Amino acid sequence: MKALVKHLGVADYAKTYAAMQAFTKERDTNTVDEIWVLEHPPVFTLGLAGDSSNLHSPSNQIPMVQVDRGGEITYHGPGQLVVYLLLDLKRLGIYVKELVFRIEQALIDTLSEFGVKAERKVGAPGIYIAEQEQMPREWIGAKVAALGLKVSKSCSYHGLALNVATDLEAFGRIHPCGYEGLKTVDMQTLGIKDNIDRISQVLLQHLQKHLMLDGLNELDNTR
């Protein structure tokens with residue numbers, strides 16, 4: 001299967017959210033899948049099952065947007081690699097649970113390439129720092145990537161967010177994914193100095209492999 005990768009730079013969350021919804025509503029069985037790679041200005045997003053009280057320390061500078069993905073509250077901001085997956089699951093021959101598993105594996109494999117062992121946690125979608133040598137104890141079990149998806153007409157949108165060089169203070173204003181006391185970390189804090197463009201290239205390679213996409217045609221919309 002083919003997919004078109006669009007690099008969107010720093011993109012307004014509300015406009016991007018509306019564009020994802022419109023793309024999914026208007027697509028048909030011949031529409032080429034798309035993968036959007038971007039960053040957002042600071043924003044909190046609250047999923048369908050979310051409890052707004054999990055934003056325990058609101059900020060006048062950071063808005064909160066209610067959205068139609070699964071999951072709880074999370075934060076998006078500069079230095080966080082966001083990848084939206086607009087895929088026809090029926091055409092790919094997979095269900096949403098399998099999609100989640102494959103996205104998680106792509107993230108685990110990506111982090112492994114940069115020397116970080118990461119893992120899943122049952123009942124807590126996302127990717128977490130695993131027990132490993134030469135890793136500060138405070139970051140074992142910390143969340144480094146989040147997932148949230150919506151499926152409509154067998155087509156997915158929303159996607160994943162990997163913390164590369166992110167404002168961790170903003171995560172301190174929420175109970176990430178509804179879990180009080182859950183620590184959040186980024187790759188920079190773990191000592192990884194590669195820039196977000198390099199990390200996105202590696203992640204896209206692993207997504208291509210795990211999602212059985214035999215060709216990613218890239219389009220740079222940031223210029």
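Values quoted throughout were computed directly from the atomic coordinates according to the rules given, and no laboratory measurement underlies them. Owing to the predicted nature of the structure, the values given are computational and were not obtained by experimental measurement. All Cβ positions, even for glycine, are placed from backbone atoms using ideal geometry, and neighbour counts span all protein chains on display.
Figures for the structure shown
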{"item": "Extension gain (nm, one decimal) between LYS209 and ASP197, 0.36 nm per residue minus Cα-Cα", "result": "2.4 nm"}
{"item": "Filtered GluC sites (Glu not before Pro), segment 105-187: DSSP coil and at most 16 other beta carbons within 10 Å", "result": "GLU131, GLU133, GLU180"}
{"item": "Derived scalar couplings ³J(HN,Hα) [segment 159-172; Karplus, 6.51 cos²θ - 1.76 cosθ + 1.60; whole Hz; x for Gly, Pro]", "result": "x, 10, 9, 10, 7, 9, 9, 9, 6, 5, 4, 5, 5, x"}
{"item": "Selection of trypsin sites (Lys or Arg not before Pro), segment 143-215, meeting DSSP coil and at most 13 other Cβ within 10 Å", "result": "LYS153, LYS193"}
{"item": "Per-pair calculated FRET efficiency, R0 = 22 Å: GLU113 and ILE140 via Cβ, rounded to 0.05", "result": "0.65"}
{"item": "Per-residue HN-Hα couplings for segment 13-27 [Karplus 6.51, -1.76, 1.60; θ = phi - 60°; Hz; x = Gly/Pro]", "result": "5, 4, 5, 5, 4, 4, 5, 4, 4, 5, 4, 5, 5, 8, 6"}
{"item": "Within a Gaussian network of the chain (alpha carbon springs, distance under 10 Å), most fluctuating of PRO58, PRO42, PRO125", "result": "PRO58"}
{"item": "Those aspartates and glutamates that a straight Cα-Cα span of less than 20 Å connects to LYS15, excepting residues fewer than 8 apart in one chain", "result": "GLU26, ASP33, GLU34, GLU39, ASP68, ASP220"}
{"item": "Inter-site label distance for VAL65 and ALA124 at 7 Å from Cα along Cβ, in nm", "result": "2.7"}
{"item": "Residue (of ALA22, ILE35, MET64) at the positive-pole extreme of the chain, dipole from beta-carbon charges", "result": "ALA22"}
{"item": "Neighbour-count ranking [beta-carbon atoms within 10 angstrom, fewest first] of PHE44, PHE101", "result": "PHE101, PHE44"}
{"item": "Shape category assigned to segment 40-140 from the gyration tensor of Cα positions, a/c cut at 1.5", "result": "oblate"}
{"item": "Cα-derived Rg over Rh, computed across segment 108-223 with Rh taken as Kirkwood radius", "result": "0.97"}
{"item": "Local net charge near SER57, Cβ-Cβ under 14 Å (Lys/Arg +1, Asp/Glu -1)", "result": "-2"}
{"item": "Student exercise, segment 2-220 dipole from Lys, Arg, Asp, Glu Cβ charges, in Debye to nearest 20", "result": "460"}
{"item": "Full-extension gain in nm, LYS2 to THR29, via 0.36 nm per residue minus C-alpha separation", "result": "8.4 nm"}
{"item": "Residues THR184, THR189 arranged by fewest to most Cβ contacts within 10 Å", "result": "THR189, THR184"}
{"item": "Loop sites in segment 40-128: trypsin sites (Lys or Arg not before Pro), DSSP, at most 15 other Cβ within 10 Å", "result": "LYS117, LYS121"}
{"item": "Descending semi-axes in Å of segment 2-220, equivalent ellipsoid built from Cα gyration tensor", "result": "25, 21, 16"}
{"item": "Segment SER52-ALA22, length gained on full extension (0.36 nm per residue, minus Cα span)", "result": "8.2 nm"}
{"item": "Estimated [θ] at 222 nm from DSSP helical runs (n ≥ 4, -39500 (n - 2.57)) normalised by residues in the chain, nearest 500", "result": "-7500 deg cm²/dmol"}
